[in-house]
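Written out below as structure tokens is the structure these notes cover.
Read-outs: derived from the displayed coordinates by stated rules, not from any lab. Nothing here was measured: the structure is a model prediction, and the numbers come from that model. Ideal geometry is used to build each Cβ from the backbone, glycine not excepted, and the neighbour counts take in all protein chains shown.
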Amino acid sequence: MPEATAQPDMIDLDLESMAADVVAQAMKAGASDAEAVVQEGDEFSVSVRMGQVETLKESGSRGLGLRVFMGKRSASASTSDLTAEGIRQLVEGAMALAKVTEEDPFTGLPETNEFGSVGGDLHLYYEDVYSLPGAERIEWARRAEAAALAADPRITNSDGGSFDAATGRKVLANSRGFVGGYRTSYAGVSAAPLAVDANGHMQRDGWWSSARRLADLATPESIGQEAARRTLRRLGARRVPTQRVPIVFAPEVARSLIGSVFEAASGDAIWRHASFLAGKLGEQIAASSLTIIDDNIMMLPTGVGGFGTSPFDGEGLPSRRTVVVENGVLRNYLLNTYTARKLGMQSTHNAARGLAGTPGIGCGNLYLEPGTLTPDEIIAAIPAGLYVTSLMGFGVNVVTGDYSRGATGLWIDSGKLTHAVEEITVAGNLAEMLNNVTAIGNDLVFRGSVASPTLRIDGMTIAGA
Amino acid sequence: MTNPTASPVLHHKRYFFEKFGITERLLERCLGEALSAGGDYADLYFESVMATSLGVDEQIVKSASQGTSAGCGIRVLSGERTGYAYTDNLSPERLLHAARTAALIASGPAKQPVQGFIETPSANLYPVPLGGFDLDLAARLELILRADRAARAFDPRIVQVRAGYSEELRRILIAASDGAFASDTQPLCRLNVYVIAKQDAITTRGSAGGGGRAGLEQFTGSKSPEHLAQEAARGAILQLGAVPAPAGEMQVILGPGWPGILLHEAVGHGLEADFNRKKTSAFAGLIGQSVASSKVTVVDNGTMAGRRGSLNVDDEGSSTQETVLIENGILRGYLTDKLSARLTGAANTGSGRRESYQCIPMPRMTNTYMLSGEDAPEDILRSVKRGLYAVNFGGGQVDITNGKFVFSASEAYLIEDGKITAPVRDATLIGNGPEALKYVSKVGNDLKLDEGIGTCGKDGQSVPVGVGMPTIKLDKMTVGGTGK
């Protein structure tokens, strides 16, 4: 059918012009300032379960967001209707809403001299994520699962293997002259096998690889094998008694702790005093071995842009590297324009902008600088303790710092990993936990935009049997 | 967005036909295209959402936003396989293109969809607001301004108040190759209050919210802005004097209402039929067996008027219903959608839900709650010598394969000699789904449903849900605090 290949107004659309035009329309409608964002994305995913294709999904979508100012009043609107009529309604709706808001002396776009975009190619987009033919994509998902299923006879079931790819484009324009845009790409492969022990107890775990470039993905076989190893080591899990012992957080869970520090250091939490880090700028808030960086322009060792790398932030300010914690001292809050003004400071260019609403605060490549110990050396130094491999629940309160989460992992006995542990919690207070970091691993690897090496924290409580 | 307030909202089916130029002929063509390479079944899911939100912060109406989105998801089922494609452009060319993409899942001779649609009889569980989203914004602003005033007036130690109101109108139309045809217009709104309390060096937070599939008239009584504000403020003030939560196994009493999140995590997810069909759930194969104390009966009910989790039809166009999950402790059934019902031979419980047209439907909960028992709540409290009384919670999570679940208490107290004593700091509770409810030794006569704030996540898809529970006593549960 001829209409299938025509793909009207998807390819030829000049998103920059569209964003600038929306801004111009808003100004014409009476806005004192305006900011538009256009996003476009395509996704493909396939999952294979027990050797058979389970789902196959392929699609694309677009969206447009607008923020308008009328002096110190502001409002926003978003739409998936990018026709002229859709845009007209978007502008009209945003302007009508701005009239019901009240003046906020701190609202507004950044100053004109602040805008900018990091020059040069940040290597965020690779067309090759879509280069695999359809059958080959299915094969990647199948191979990942097959490797997991073949790893051990105790692996008898599976939540499947998957391959997915996506590309996106984001454009930002505002009435102070900024127009910028960039493309991103993503590809991923994963496996999630189930294993059963002699008593019929099931366990599931998984592993994945993701990259901006197909060539940087781990092989499906290595993913399946690692997923199998992680699942098998959960077998025979049991509870341990309530006690206080050193806790070692594996990198894939330690990263969530670094994420909590980011949340607590974010301007929105700070100006509201809704953070245990509020008012602590320049103070020692963590062990002197801790240095946390948010680097939004980082390149991976492969020469590809990091998962959190971008040329500009959600308000059009050039991306940069910010030291959050240096040798345990809180050096910077993470700020967008609004929160910076609330605090009488300068933006750290951490504005995050979705289609809808006002910009929030987001991290780029957020990481804890590695130490010198291998994970094995960290574990070897512990007579009795817990090695945590996964965390459950939402028990992190960044206002009080109270921390209490479900955990699974492996028991450490005389410096060695022994049996699996489950149905316990680990609890403490973030302010104390940061000061009680007693070892940092050398195993920093970016598997996503937030990364941490292995971490040992003392003084936490395990609640169990 | 710009419907004149005077005109009544279009009938949900007519809305798609008139606004997007959809015709029955086009639906049939798309379904024919979707089955052009074979397959057992295909469906089209049209969705149009309009959302508005307003926020007051520091006594200033700082934010107002609206969003509109529309699209269509096309699905083809072939055995256990699902092909899916969606488009946000509802032109016939793009719809047919999406149908052909979804069709790639099958590889056989073309099939013919059933000719002629049969409309699913629709319940009438919620009002459809007149005028769509040209809302009376002043009335909505008044709700959040009232909440702001009430929270500030509660106590001088309340130093920050933020209140938000959000409302959406979701219109759906579903047409399937088996002739099923359904459409619905689903309102949903919610009022939230967040506060920060400060005393000397201690800072705490509190929050409360309420809402449902109903109009502004619902924001009275326990959902009034004043009551929600006072609840948020009370919670924050209480935390100022909280002691560390205890650590370890103990007797736990859960208060009525929102603590029903226990059921959602401990058993609800584990009973979704997709996990059981694939035997990846700890509850797989346990139908007819005891999974809870005989005092426990749990249902999932999508047919409650005005509730946040309720639906006239699910996102596959099937009627929703009340489904008994656990009856007097015995596991009775799973929550199914069309695919799992067909593959397992079970009845379809009308539990097929999805976040949006971009997502593949799955079996999901609606409103999940435990029925009342016979015990008086005061007697239940008196029966505990030392334990925890938890009345409010944040979120929860479950690993459906090993059954372990957590839920985090945001308001809880120590029980000493049958009396409520000190409030405790936030702590996570953890248990094992197929075992936890066997320790339910008392069930109160005070079933209460939550105020309409729940959102459930599964495979990256969020849907609104409700929970409920009477006061219950668990003889054993692990409390994840730091204290003795």
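Things worth noting here:
- Placing unit charges on the Cβ atoms only, positive for Lys and Arg and negative for Asp and Glu, gives the stretch A:237-465 a dipole magnitude near 340 debye about its Cα centre.
- Computed from Cα atoms, the angle from the helix A:15-28 axis to the main principal axis of chain A rounds to 50 degrees.
- For the protein assembly as shown: rounded, prolate or oblate by the Cα gyration tensor [a/c cutoff 1.5]: rounded
- Annotation for the stretch A:129-225: trypsin sites (Lys or Arg not before Pro) lying in DSSP loop with at most 16 further Cβ atoms inside 10 Å of their Cβ are A:R154.
- Environment charge at B:T82 (Cβ cut-off 10 Å; Lys +1, Arg +1, Asp -1, Glu -1): +1
- Only helical runs count toward this figure. For the protein assembly as shown, summing -39,500 (n - 2.57) over DSSP H runs of n ≥ 4 and dividing by all residues gives -6000 deg cm²/dmol at 222 nm.
- In this Cβ point-charge picture (+1 for Lys and Arg, -1 for Asp and Glu), the stretch A:311-446 has a dipole of about 680 debye about its Cα centre.
- Summing Lys and Arg as +1 and Asp and Glu as -1 over all other residues whose Cβ lies under 12 Å from the Cβ of A:K28 gives a net charge of -1.
- Couplings for the stretch A:91-105, taken from phi via the Karplus curve 6.51 cos²θ - 1.76 cosθ + 1.60 with θ = phi - 60°, read 5, 4, x, 5, 5, 5, 5, 4, 5, 8, 7, 10, 5, 10, x Hz in order; Gly and Pro are left as x.
- Alpha-carbon centroids, the stretch B:322-348 and the stretch B:227-300: separation in whole Å: 20
- Distant-in-sequence amide contacts of A:L124, defined by a placed amide H-H separation under 5 Å and a gap of 5 or more residues or a different chain, comprise A:G305.
- Charge dipole magnitude, Cβ of K and R +1, D and E -1 - chain B, Cα centre, debye nearest 20: 560
- Relative frequency of Cα-Cα separations exceeding 25 Å in the stretch A:15-231, percent: 55
- When you filter the trypsin sites (Lys or Arg not before Pro) in the stretch B:375-455 for DSSP loop state and at most 13 other Cβ atoms inside 10 Å of their Cβ, you are left with B:K385.
- Of all DSSP-defined beta bridges confined to the protein assembly as shown, some 90% are antiparallel rather than parallel.
- All-pairs alpha carbon distance profile, chain B, 20 Å steps from 0, percent: 23, 51, 24, 2
- Dipole of the stretch A:158-248 computed with +1 at Lys/Arg Cβ and -1 at Asp/Glu Cβ about the Cα centre; of A:G236, A:V248, A:G224, farthest Cα towards the positive end is A:V248.
- Those trypsin sites (Lys or Arg not before Pro) in the stretch A:385-465 that DSSP places in a loop and that have at most 16 other beta carbons within 10 Å: A:R447
- Couplings for the stretch A:311-324, taken from phi via the Karplus curve 6.51 cos²θ - 1.76 cosθ + 1.60 with θ = phi - 60°, read x, 8, 8, x, 10, x, 9, x, 4, 8, 9, 10, 7, 8 Hz in order; Gly and Pro are left as x.
- Summing charges over neighbours of A:I440, with a neighbour being any other residue whose Cβ is under 12 Å away from its Cβ, gives -2 when K and R count +1 and D and E count -1.
- Considering only B:S53, B:A102, B:N402, the residue lying farthest towards the positive end of the dipole of chain B is B:N402, judged by Cα position with unit charges set on Cβ.
- Cα-based shape type of the stretch A:237-465, given that a ≥ b ≥ c are square roots of the gyration tensor eigenvalues and the cut on a/c is 1.5: prolate
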